[in-house]
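The values are calculated or read from the model by the stated rules, or taken from the named source; none is laboratory data. Everything quoted here is computed from the prediction, not taken from an experiment. We place every Cβ from the backbone using ideal geometry, glycine too, and count neighbours over all the protein chains shown.
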Amino acid sequence: MNEYSFQRVSESNVDDLSSIYIDAFAKELNIEEFKKKQHTNEFGDSYIGFIAYDEHNQPAAFYGVYPCRIEYQGKYYLAAQSGDTMTHSAHTGKGLFTHLALKTYAYCRENGFHLVFGFPNENSYPGFIKKLGWSHFDDLTPYLIRVKCLPWIRLKNTFKLPQALHTKWCHFVLNRMKKGTPFKSSCLASEIAVVDHSAEFFNYKTYGENYLIQLKGINVWLKLADRFLIIGDIDKCSETEFINTIHALKKIAFKMGLPHLRFHTSSNTWGESMFIKQGVPMQVKYPVGGINFTNEIPLEKLKFTGADNDTF
């Protein structure tokens, strides 16, 4: 490890991540979006993570987290979501992932963070559990609701249509909807800890392209994909209101040529109880894990929807 130096990520060096990202993921990093994602001052601090540089001062790896507030038993706690992790192929197997994560966690402990949580993929999962001491305490289940329509993806592939055409049409459809207002996580309940869906949180999440709309008084947080209209979260409501909202969403998805509604939620939540009656749970589940620094919030009390993921 002596051949590497380590710097906290900052406004002045964040551009260095582009070369690691291209090598690790075979695509360009949207650096402006990434910078917006780092601006988390409303939750306590910004730019939390570390970059490793090799002996030639070339960027080699990065690990970072994104602060948020957790609401639990009427109180609010500073926490962070484990986010972007990347290592250049020339530097894999050197222990950089573990070293950078531990430096980041030490910073979090020293600066009042109660815990770090995340949704590790199959590649990073073993490292989080075996090397960083994470607990795997729940899973996110994706639910699909079928929409009968002529799928955009089929038109795109058949007629070689540009993606921009569909994006523009979807913008048009969603921008005609009534604007929604920020709402509490649908997972919120007695003895349940959730990410605080404050107005600041909704404003922060505009680093990605998503839509907050209102359908007959029910707020819905949406994001687009080629095959899905993704429901990040939905205002907790009665079952009748929920069914009516799903019908309205299916009409919107039909207009946009999206053959499925998709929603992710933790186990034993209001969202699970609603979607299991209207949709089909997918076979795949996505692990939820974390590490606790203070134990003031038991990890098993944490519940999430897809909107809580930094990729939403």
Note to self: I'd like to verify a number: residues in segment 96-148 that are without any contact (Cβ under 8 Å) to a residue 60 or more places away in the chain, of a type in the set (A, V, I, L, M, F, W, C) and in contact with a Phe, Trp or Tyr (Cβ under 7 Å, 6 or more places away or on another chain), how many?
What the structure shows: 2
Next item on the list: All but one of (1) under 30 Å from Asn295 (Cβ atoms); (2) touching a helix residue (DSSP H, G or I) at 6+ places or on another chain (Cβ under 7 Å) hold for Ile31, so report the exception by its number.
Entry: (1)
Next item on the list: Kindly indicate whether any position in segment 139-156 is closer than 20 Å to Ala79 by Cβ and at pLDDT 95 or above.
Entry: yes
Next item on the list: Could you tell me which numbered condition Glu32 fails, if it satisfies all but one of (1) surrounded by 14 or more Cβ atoms within 10 Å (Cβ to Cβ); (2) over 17 Å from the mean Cα position of the chain (by Cα)?
Entry: (1)
Notebook entry, point to check: What number goes with the only condition from (1) in a helix (DSSP H, G or I); (2) surrounded by 19 or more Cβ atoms within 10 Å (Cβ to Cβ); (3) in contact (Cβ under 8 Å) with a residue 40 or more places away in the chain that Glu200 does not pass?
Noted result: (2)
Check: Which of the residues spanning segment 170-181 are loosely packed, with under 15 Cβ neighbours inside 10 Å and in a loop (DSSP other than H, G, I, E, B)?
Finding: Arg176, Lys178, Thr181
Checklist line | Listing of strands (runs of 3 or more DSSP E) fully contained in segment 210-312 that carry 1 or more residues being charged (D, E, K, R) and under 23 Å from Gln163 (Cβ atoms) | finding: 218-224, 260-266
Checklist line | Filter result for Gly289 (modelled with pLDDT of 95 or more and either touching a Cys at 6+ places or on another chain (Cβ under 8 Å) or among the charged types (D, E, K, R) (or both)) | finding: no
Margin query: Just the residues that are at positive phi and in contact (Cβ under 8 Å) with a residue 60 or more places away in the chain, please, taken from segment 59-95.
Written below: Gln73, Gly95
Checklist line | Residue in segment 206-224 that is more than 19 Å from Lys37 (Cα to Cα), touching a residue at least 12 places away in the same chain (Cβ under 8 Å), out of contact with any helix residue (DSSP H, G or I) (no Cβ under 9 Å at 6 or more places or on another chain) and assigned by TED's automatic domain parsing to the domain that holds Leu165 present | finding: yes
Notebook entry, point to check: Any idea which residue in segment 120-165 is farthest from the chain's Cα centre (by Cα), counting only those that are within 25 Å of Pro67 (Cβ to Cβ) and assigned to a helix (DSSP H, G or I)?
Noted result: Lys131
Note to self: Give me the residue from segment 79-91 that is hydroxyl-bearing (Ser, Thr, Tyr) and at pLDDT 95 or above and, out of that set, surrounded by the most Cβ atoms within 10 Å (Cβ to Cβ).
What the structure shows: Ser82
Next item on the list: Kindly establish whether Lys205 is on the phi < 0 side of the Ramachandran plot, over 16 Å from the mean Cα position of the chain (by Cα), assigned to a helix (DSSP H, G or I) and among the basic types (Lys, Arg).
Entry: no
Margin query: Please go through segment 11-28 and give me each residue that is over 14 Å from Tyr53 (Cα atoms) and either loosely packed, with under 14 Cβ neighbours inside 10 Å or among the aliphatic types (A, V, I, L, M) (or both), ordered by number.
Written below: Glu11, Ser12, Ile22, Ala24, Phe25, Ala26, Lys27, Glu28
Item checked: Hits in segment 93-103 - residues which are closer than 16 Å to Ile20 by Cβ and under 25 Å from the mean Cα position of the chain (by Cα) -> Leu96, Phe97, His99, Leu100, Ala101
Next item on the list: Tell me which residues, restricted to segment 154-178, are out of contact with any Lys or Arg (no Cβ under 6 Å at 6 or more places or on another chain) and either under 28 Å from Glu272 (Cα atoms) or among the hydrophobic types (A, V, I, L, M, F, W, C) (or both).
Entry: Leu155, Phe159, Leu161, Ala164, Leu165, Trp169, Cys170, Phe172, Leu174, Met177, Lys178
Notebook entry, point to check: In segment 186-209, how many are of a type in the set (Gly, Ala, Ser), touching an Asp or Glu at 6+ places or on another chain (Cβ under 9 Å) and closer than 20 Å to Thr269 by Cβ?
Noted result: 3
